[in-house]
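Down below is the structure, laid out as structure tokens.
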Amino acid sequence: MTRTTTLHIDKESHKFSAAHYTIFSATERERLHGHNYSVSARIVAPMGDNGFAADYNVYKRRIASLCEKLDEYMILAADSPYQEIEEQGENYRVRFNGEEMSFLKCDSLLLPLRNATVEEFSHYLLQQLLAECADDGLVELEVWVASGPGQRASALWRQ
Ligand SMILES: Nc1nc2c(c(=O)[nH]1)N=C([C@H](O)[C@H](O)COP(=O)(O)OP(=O)(O)OP(=O)(O)O)CN2
């Protein structure tokens, strides 16, 4: 039987600041606001003969790099069924419930999310991280995203 072990990567430095609004329905959304999101991960890997499963520094660097890519942006949910987003010169023009909002493209990230929620961020980051872990022989990978202390969601991948 293969012995597995679980690494927990829960670093204070793994965070990103972003602006967003959650959409609740076709007619209800939050006002634009921001969070200091934090990201953590659980990695289940086979235990090597030398008492070593996977170099956690590799995962620390990957998570830090993913956080960096999201840091200080306005995050827009491109796959929301409730808003339409189009490019207009230097801006993204967003239509929701008869309102029109405009965001500078250089300040914004249009991500393949159905909503700008911790649930969707955790699935997005899980997929991003998995893409970098394809050759690592992992058994499980779970990614948590918190929008503040005590409120977070996670997404899980199992081999
Ligand atoms: N299932 C989810 N529910 C909510 C999400 C989410 O991502 N997934 N997000 C929000 C808001 O964007 C955000 O959390 C603001 O809500 P609120 O709790 O009012 O404010 P704080 O984050 O500052 O939390 P405090 O407890 O007030 O400190 C809402 N729902």
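Quick note: the coordinates plus some simple rules give every number you see, no bench work behind them. Model, not experiment: these values are computed from the prediction. When we count neighbours, we look across all protein chains shown, and the Cβ atoms used for this are built from the backbone with ideal geometry, even at glycine.
Odds and ends about this structure:
- Any hit, the range 71-91, residues being more than 14 Å from the ligand (Cβ to nearest atom), of a type in the set (S, T, N, Q), on the phi < 0 side of the Ramachandran plot and under 17 Å from the mean Cα position of the chain (by Cα): no
- Output for the range 1-25, where each listed residue is polar (S, T, N, Q) and either within 16 Å of the ligand (Cβ to nearest atom) or part of a strand (DSSP E or B) (or both): THR4, THR5, THR6, SER17, THR22, SER25
- Unmet requirement for ASN50, which otherwise passes all of (1) more than 16 Å from the ligand (Cβ to nearest atom); (2) touching a residue at least 12 places away in the same chain (Cβ under 8 Å); (3) surrounded by fewer than 17 Cβ atoms within 10 Å (Cβ to Cβ); (4) not in a helix (DSSP H, G or I): (2)
- Residue, farthest from ARG152 (Cα to Cα), within the range 35-58, restricted to residues that are within 15 Å of the chain's Cα centre (by Cα) and not small (Gly, Ala, Ser): ARG42
- Residues satisfying the stated conditions in the range 142-153, i.e. within 16 Å of CYS67 (Cβ to Cβ) and more than 7 Å from the ligand (Cβ to nearest atom): VAL143, TRP144, VAL145, ALA146, ARG152
- Per the conditions (1) out of contact with any strand residue (DSSP E or B) (no Cβ under 6 Å at 6 or more places or on another chain); (2) more than 16 Å from the ligand (Cβ to nearest atom), the sole criterion not satisfied by THR117 is (2).
- Selection status of TYR21, over 25 Å from LEU156 (Cβ atoms), touching a strand residue (DSSP E or B) at 6+ places or on another chain (Cβ under 8 Å) and surrounded by 12 or more Cβ atoms within 10 Å (Cβ to Cβ): yes
- Enumeration of residues in the range 115-132 that are closer than 22 Å to ALA54 by Cβ, buried (at least 20 other Cβ atoms within 10 Å of the Cβ) and touching a residue at least 60 places away in the same chain (Cβ under 8 Å): LEU125, LEU129
- In the range 98-114, the qualifying residues are those that are closer than 10 Å to ALA77 by Cα and among the aliphatic types (A, V, I, L, M), and the one that is nearest to the ligand (Cβ to nearest atom) is LEU113.
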